[in-house]
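Participant: The structure's right below; bear with me while I get my questions together.
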Amino acid sequence: MAYGYESKLSPLQMLTFYNSVANNGKMIAPLFVREIRSMGNTIERFHAKVINPQVCSPEALAKVKGLLEGVVLEGTGKTHIKNKLYTVAGKTGTAQIADGNRGYGAKNSHQASFCGYFPADNPKYSMIVVISNPRVGLHLAAWVAGPVFRKIADRVYASDIEIKHKAPAHFVGNTTMPKVKQGNLAAIKKVYSHLGVKPLYASANAGVDTSAGLPYEENQYKAGTVPSVKGMGLSDALYVLGNAGYRVGVKGAGVVTAQSVTAGAFTPKGTKITLELQ
């Protein structure tokens, strides 16, 4: 048991256990479906079920948390998982894979894993990465599963505006307003709200006073006409033109600088519109 080879646990079972540590000792069953909807109406809603309200004593839990954080701060996860933006707690796992009834030998394949949660000081996400039989470079978990965990965690952390990110230092004269693209108005408002930026909304033919906030012009168009997608990113442009009923071709990358059909033109649905991005 000291080596762990006598235990048979699926990655999901292992993650459920680590999640209980992040959840202050409460173990809950994984929830795959939050609710079932039909025509936008909720038919049935599912809630997490508690497997064990307290898997261990608070004293033991505090020690385990400290050990898991130490793995990333000073242990095997220091090189590939530790970062300056948020804390991670977890454990690497490197195991040999038995060669049938021949058992374990020098040429056995390996399984590399990292299971943990973040931010460690106020956990919101738990995750496990398992890679079977890595064939390139080292087989050690910190070098194989660690970077994958880090990349996914970085993307999740950067995308979750509800996590209290560490505020960057602001110096005198650092007054550059954030650059924005044309796009979904509701999304723009939400981002502005969390950044503490006051948005100014203007119509196409009105003057804008930029002294008190960041100007933003809502993109509006008449049904049956081609929308203007200049200034948008590709995802927003595809969304707008697709909903308007047009097929889209793309040249380049970046922000839309030109479109093959003039905005406002009455063009039949199904027409292909080519976008040029720079």
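Participant: If I take every Cα pair under 8 Å that is 6 or more residues apart in the range 1-95, average their sequence separation and divide by the length, what percent do I get for the relative contact order?
Facilitator: 20
Participant: Still on this structure, I have one more. Please calculate how many Å² of accessible area the range 8-80 carries per residue, with a 1.4 Å probe and no DNA, RNA or ligand atoms counted.
Facilitator: Accessible area per residue: 73 Å².
Participant: On to the next question. Give me the log10 of I(q) over I(0) for the range 32-123 at q = 0.11, 0.20, 0.22, 0.25 Å⁻¹, as the Debye formula computes it from C-alpha points; what are the numbers?
Facilitator: Log10 I(q)/I(0), no solvent term: -0.61, -0.96, -1.03, -1.16.
Participant: Tell me the net charge near Ala253. Cut-off is 15 Å between Cβ atoms, Ala253 excluded, with +1 for each Lys or Arg and -1 for each Asp or Glu.
Facilitator: Taking every other residue near Ala253 into account, the sum is 0.
Participant: Another question, if that's okay. With every protein chain left in place, what is the accessible area of Ile128 in Å² (1.4 Å probe, nearest 10)?
Facilitator: Solvent-accessible area, nearest 10 Å²: 40 Å².
Participant: For Met14, Met127, give the ranking by accessible area with the largest first, probe 1.4 Å.
Facilitator: Sorted descending by solvent-accessible area, the residues read Met14, Met127.
Participant: Another question, then. As a test question: what accessible area, to the nearest 10 Å², does Ser7 have when a 1.4 Å probe is rolled over all protein chains in place?
Facilitator: Ignoring ligands and nucleic acids, Ser7 comes out at about 50 Å².
Participant: Restricted to Cα positions, what overall size does the range 223-274 have along the principal axes? Three whole-Å values, descending.
Facilitator: Result for the range 223-274: principal-axis Cα extents of 27, 16, 15 Å.
Participant: Within the range 241-266, list the residues whose amide N lies under 18 Å from a label point set 7 Å along Cα→Cβ of Lys181.
Facilitator: 241-244, 248-260
Participant: Taking only the alpha-carbon positions of the range 21-177 and ignoring solvent, what does the Debye formula give for the base-10 log of I(q)/I(0) at q = 0.18 Å⁻¹?
Facilitator: Log10 I(q)/I(0), no solvent term: -1.14.
Participant: Continuing with this model, one more query. Note down the accessible area of Ile97, probe 1.4 Å, to the nearest 10 Å².
Facilitator: Per-residue accessible area (Ile97): approximately 50 Å².
Participant: Hey, what D do you get for the range 89-128 in µm²/s if you plug the Kirkwood alpha-carbon radius into Stokes-Einstein at 37 °C and 0.692 mPa s?
Facilitator: 273
Participant: Dipole size in debye (nearest 20) for the range 1-110 around its Cα centre, Lys and Arg Cβ +1, Asp and Glu Cβ -1?
Facilitator: 200
Participant: Further question on the same structure: Lys/Arg Cβ at +1, Asp/Glu Cβ at -1, dipole of the range 24-98 taken about the Cα centre: which of Leu61, Ala29, Ala89 is farthest positive-ward?
Facilitator: Going by the charge dipole, the pick is Ala89.
Participant: So, R0 is 41 Å and r is the distance between the beta-carbons of Glu276 and Ala98; what FRET efficiency does that work out to, to 0.05?
Facilitator: Step by step, r from the Cβ atoms, then E = 0.10.
Participant: Could you tell me the convex hull volume per residue, in Å³, taken over the Cα atoms of the range 5-64?
Facilitator: So the per-residue Cα hull volume is 109 Å³.
The values are calculated or read from the model by the stated rules, or taken from the named source; none is laboratory data. Quick caveat, the model's predicted, so the values are computed rather than measured. Ideal geometry is used to build each Cβ from the backbone, glycine not excepted, and the neighbour counts take in all protein chains shown. Please note that ligands, DNA and RNA were not included when accessible areas were found on the heavy atoms of the full protein model with its side chains. Shrake-Rupley method; radii C 1.70, N 1.55, O 1.52, S 1.80 Å.
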